[in-house]
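The values are calculated or read from the model by the stated rules, or taken from the named source; none is laboratory data. Note that the structure is predicted; figures quoted are calculated from it, not measured. Cβ: placed from backbone, ideal geometry, glycine included. Neighbour counts: every protein chain shown. Only protein heavy atoms, including side chains, enter the accessible area calculation; ligands, DNA and RNA are left aside. Shrake-Rupley method; radii C 1.70, N 1.55, O 1.52, S 1.80 Å.
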Amino acid sequence: MLKCQRYFLHGSGYFRHFSDTIWRPFMKAPARSSAILFFFLFLLIGAFLSTRLLDSATSLPTTSKPILPTGTAQKPLKIPKKPPVKIEYPLNCSAGNLTRTCPRNYPTAVSPEDPDRPSPPECPHYFRWIYGDLRPWMKSGITREMVERAKRTATFKLVILNGRAYVEKYQRAFQTRDVFTLWGILQLLRRYPGKVPDLELMFDCVDWPVIQSKEYRGPNATAPPPLFRYCGDDATLDIVFPDWSFWGWPEINIKPWESLLKDLKEGNKRSRWMEREPYAYWKGNPAVAATRLDLLKCNVSDKQDWNARVYTQDWIRESQEGYKQSDLASQCIHRYKIYIEGSAWSVSQKYILACDSVTLLVKPHYYDFFTRSLMPVHHYWPIREDDKCRSIKFAVDWGNRHKQKAQSIGKAASDFIQEDLKMDNVYDYMFHLLNEYAKLLKFKPTVPEKGVELCSERMGCGAEGLKKKFMMESMVKYPMDASPCTMPPPFSPLELQTFLNRKVNSIKQVEAWEKKFWENQNT
């Protein structure tokens, strides 16, 4: 031990003097002082090591971050935030306030958005048609006089001021079309309080469009009146808007879209495509259009099987029997489903496209707000209008010979409906359309002289039966804490022409296949 002490203490000149002055007296002390000697030695070694460690510590980088192995990224520790508590705003249907007054406690603006929230996604492709629908007024803007000229056929005038809705009705709509259209607009205001701009518009709830574009051409032509409705065609300028059935259709027991979309998805799971009936199915009211009456000729008979199974829907009888044979989610049991227009476009198109079946789409004349982005042979199979039966038979035969391709067409359509046409996007389409429309107004909207304020309480509290049920089911219960999707840019002329050419060429290709098929059959 003594040798170790001397080696340690005399290993440097610094400690040599220390040893002579401190340790030598102890070296001469009796044996009983060895305990004291050991104690002082322990203190000295501890002090020496502490000093060396302190010196080493001062040479390290002055940072509080841990030293990570080479190549390891240093990520700041982020404490996850608790999601904000969403405050629901139920209807105020207390006694004495069933239909008369609108509450003032609903938010008029949304709370500031979380800066850490991801940016909203870009809106689906079909939002790009908004720019085209509003193009007739891009240069001139929209005056009050233009709006008033649309009153000739309008069902109602809608005014939105400071996030509140006012309506002046001009004529009665068929069934509850106007009721559920207005209900949907009120839910948009509840979803995005304070974000929908002030505006004034005319809405027509009749099927067919009426603003003929040929009447507004030429150097001396006036700007057309802006009129909102559910569909348009290539010869008219009506502004297309989501139809009433997205919030429910009580007259024929069709649920609000959000609920029905879930039912259709579950219905698809119950019947796999390969296991379905290898025929084309249609069920509806044929009396509304000559083209539907013509479709009845394609039904199976003792003499001919065109691969079609066509059924007439008697809605009066169906309502009396509790709609047992009209559940849409239970009708996805055929590999192919036929879509054919009625007096104009039909709301049934979205239900048919959602079925996983191949949609056999008889050449349409009308479009609604989302159908212009559907692509032939990708989302549906085109059917000739002037030779329906042979066209349907060829389509079914082709699909049954090319099962994988046919199945992929049906899946692409149902994926489009489930994702791009979910209710979030329907509301965002309404928001962006109204927002872009409001930018064109060259006057300040005012409450109509005979206008009344509308709110969810005034419409929902006094409702009864299915009407009440569907309103409660489709009601927006709290404001959204995120922004609407981001509008895509408008089509460039080249982009639009390329897209339209692709659609035309796809249809021509199918018609060429079909023609060759029947020529081979005849020979």
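Observations on the model:
- Residue count, the range 296-328 (criterion: assigned to a loop (DSSP other than H, G, I, E, B) and among the charged types (D, E, K, R)): 7
- Whenever a residue of the range 182-205 is polar (S, T, N, Q), its partners that are part of a loop (DSSP other than H, G, I, E, B) and open to solvent by 10 Å² or more (accessible area, probe 1.4 Å), lying with C-beta atoms within less than 9 angstrom and at least six residues away or across chains, give the pairs GLN187/MET475; GLN187/VAL476.
- Test: residue in the range 340-362 that is surrounded by fewer than 19 Cβ atoms within 10 Å (Cβ to Cβ), closer than 24 Å to LYS297 by Cα, of a type in the set (Ser, Thr, Tyr) and in contact (Cβ under 8 Å) with a residue 60 or more places away in the chain: yes
- Within the range 113-144, the set of residues being open to solvent by 60 Å² or more (accessible area, probe 1.4 Å) and touching a Cys at 6+ places or on another chain (Cβ under 9 Å) comprises PRO121, GLU122.
- Qualifying position, being assigned to a helix (DSSP H, G or I), closer than 22 Å to GLU258 by Cα and not hydroxyl-bearing (Ser, Thr, Tyr), among GLU511, GLU473: GLU473
- Residue tally, condition surrounded by 23 or more Cβ atoms within 10 Å (Cβ to Cβ) and either in contact with a Lys or Arg (Cβ under 7 Å, 6 or more places away or on another chain) or closer than 12 Å to TYR367 by Cβ (or both), over the range 245-254: 1
- Hey, LYS297 at pLDDT 95 or above, open to solvent by 50 Å² or more (accessible area, probe 1.4 Å) and not hydroxyl-bearing (Ser, Thr, Tyr) or not: yes
- Condition check for ASP263: among the acidic types (Asp, Glu) and surrounded by fewer than 20 Cβ atoms within 10 Å (Cβ to Cβ): yes
- Residues located in the range 465-523, provided they are of a type in the set (Asp, Glu) and either open to solvent by 40 Å² or more (accessible area, probe 1.4 Å) or without any contact (Cβ under 8 Å) to a residue 60 or more places away in the chain (or both): GLU473, ASP481, GLU495, GLU511, GLU519
- In the range 391-402 there is no residue that is assigned to a strand (DSSP E or B) and either surrounded by 20 or more Cβ atoms within 10 Å (Cβ to Cβ) or not hydrophobic (A, V, I, L, M, F, W, C) (or both).
- Residues that are open to solvent by 20 Å² or more (accessible area, probe 1.4 Å) number at least 1 in the following strands (runs of 3 or more DSSP E) confined to the range 145-223: 156-161, 164-169.
- Qualifying positions in the range 261-295 - closer than 12 Å to CYS332 by Cα, among the hydrophobic types (A, V, I, L, M, F, W, C) and assigned to a loop (DSSP other than H, G, I, E, B): none
- Filter pass, ARG372 being open to solvent by 20 Å² or more (accessible area, probe 1.4 Å), within 20 Å of GLU122 (Cβ to Cβ) and in contact (Cβ under 8 Å) with a residue 24 or more places away in the chain: yes
- Any hit, the range 178-186, residues being touching a helix residue (DSSP H, G or I) at 6+ places or on another chain (Cβ under 6 Å) and on the phi > 0 side of the Ramachandran plot: no
- Within the range 269-306, the set of residues being among the aliphatic types (A, V, I, L, M), over 30 Å from the mean Cα position of the chain (by Cα) and within 16 Å of LEU360 (Cβ to Cβ) comprises LEU295, LEU296, VAL300.
- Top-ranked residue in the range 409-440 [being open to solvent by 10 Å² or more (accessible area, probe 1.4 Å) and touching a His at 6+ places or on another chain (Cβ under 9 Å); ranked as nearest to PRO225 (Cα to Cα)]: ASP420
- Yes/no for LEU454 being touching a helix residue (DSSP H, G or I) at 6+ places or on another chain (Cβ under 9 Å), open to solvent by less than 20 Å² (accessible area, probe 1.4 Å) and either on the phi < 0 side of the Ramachandran plot or not polar (S, T, N, Q) (or both): no
- Condition check for PRO488: outside any helix (DSSP H, G or I), touching a Cys at 6+ places or on another chain (Cβ under 7 Å) and not basic (Lys, Arg): yes
- Matching option when the condition is surrounded by 18 or more Cβ atoms within 10 Å (Cβ to Cβ) and in contact with a Cys (Cβ under 6 Å, 6 or more places away or on another chain), among ALA329, ALA280, ALA308: ALA308
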